1. Once you place label points 7 Å from the Cα toward the Cβ at residue 73 and residue 243, how far apart are they in nm?
2. Under a Cβ-only charge scheme (Lys and Arg +1, Asp and Glu -1), can you give me the dipole magnitude of the chain about the Cα centre, in debye to the nearest 20?
3. Nothing charged except the Cβ atoms of Lys and Arg (+1) and of Asp and Glu (-1): what's the magnitude of the dipole of the range 83-200 about its Cα centre? Round to the nearest 20 debye.
4. Got a sec? Charge dipole of the chain, +1 on Cβ for Lys and Arg, -1 for Asp and Glu; which of 78, 18, 36 is way out at the positive end?
5. Using +1 on the beta carbon of Lys and Arg, -1 on that of Asp and Glu, and nothing else charged, what's the dipole of the range 55-103 about the Cα centre, debye to 20?
6. Mind ranking 231, 255 by accessible surface for me, highest first, 1.4 Å probe?
7. From the backbone phi of the range 81-88, what are the Karplus-calculated ³J(HN,Hα) couplings (6.51 cos²θ - 1.76 cosθ + 1.60, θ = phi - 60°) in whole Hz, Gly and Pro given as x?
8. Once the other residues with Cβ under 11 Å from the Cβ of residue 317 are scored (Lys, Arg +1; Asp, Glu -1), what is the net sum?
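The values are calculated or read from the model by the stated rules, or taken from the named source; none is laboratory data. Quick caveat, the model's predicted, so the values are computed rather than measured. Here Cβ is always computed from backbone atoms with ideal geometry, including for glycine, and neighbour counts include all displayed protein chains. The area values use the complete protein model at the heavy-atom level, side chains included, leaving out ligands, DNA and RNA. Shrake-Rupley method; radii C 1.70, N 1.55, O 1.52, S 1.80 Å.
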Amino acid sequence: MYWKAPREKKELTDYELSEVAHRFLEADCLKGLSGLLKIRVDELKSMAFKPSYRQFYVPKPNGKKRLIETPGKRLMDLQKKTAFHLQAVYRGVLPRASYGFILSTADDEMPRDIYSNALRHVESEWVFNLDLKDFFHAISTERIISMLRQKPFHFTKNASRCLAQLCTFKGRLPMGAATSPVLSNLICIGLDKELEQLARKHNWVYTRFADDMTFSGREKINQNMQGEIREIIVSKGFMVNEKKVRLDKAKNKPEITGLIIQDGKPDISENYILYLEKDIHLFHELTSKRIIERGIFPGKAIQDFRRSIKGQIQFVGFVRGEDHPSFIALKHLLEPPKRRKKGKKKKLFFGWLGS
């Protein structure tokens, strides 16, 4: 049994998604793109080359700030349509190592998520973790254009430029656009393939969840081996976040995308719970009367934040069980049970039930 995040829309089958990908790849010119996305060419160009964004900072649980760049409503809707088609293409070229930001289908027996990502490493004795620095911002508009000109896209020069501009801001992928996650995965296909080859050479397991990379194996991953990993990462235009490089024995329960391996299976780490609690407190602060009256944060961003928190709480319930104290406590922390005023009887739906 594997956890699947709840989705608002019915999931497509692999075949249906492949048809979506085919139609998108056939729309390889500006006219084709405008027809597929149901927007006039002049409007498409205007939104791509004069994008509307709102920038603001959201505090991180560690005390630092994260820059969020939220596109305007029309641009956001267009990016969501584009992201769906890009996800369909990515499913057709999906590397074995990739686990983050992947569209599930009705045929999935094992959805790609942080649980199945950690599950790949349960039999290893050593775990080596590292993060990529400034992941989205390291991917430039020019890199997106170059990618769209190559296999599997082969878009025209004008279509590639327009689509890349539609999905980037200030010359790189923005934090907040619906297209950024899938475009980062598409850019990382070459990186994943080379690191998969290196992993096979050393009998490692390699997985990547967004900017979080994990290598594991029976033998210790020494400095020379780590050097090989770093060389490939740098050659693909990324930098390692040195503050998040970790090498540890599996018996010490190192974290793998917020989970630990315990009793032969993934379990929630204490840090995962801690950061989730901090996010919940942050959500309550952002939705306080004082903050709302100042109008600092867009309502859509706060709604997305709440949806993300609820998904993470549901994930805790999946891993530990919905009767586990941690799941119950987190649910109550996000949505405290309503208290009845003293002296008032509970109002029943059918009045005669109280007689």
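1. Rounded to a tenth, the inter-label distance reads 3.8 nm.
2. Values: 65 positive and 42 negative charges, 404 e Å.
Using only the charged Cβ atoms, the result is roughly 1940 debye.
3. Numbers: 14 positive and 12 negative charges, 152 e Å.
Computed charge dipole of the range 83-200: roughly 740 debye.
4. 78
5. Working: 10 positive and 2 negative charges, 26 e Å.
For the range 55-103, the charge dipole is close to 120 debye.
6. Details: 231 135, 255 55 Å².
Solvent-accessible surface, decreasing: 231, 255.
7. Using θ = phi - 60°, the values come out as 4, 5, 4, 4, 5, 5, 4, 4 Hz.
8. Numbers: positive: 310, 320, 331; negative: 322, 323.
Computed value for this residue: +1.
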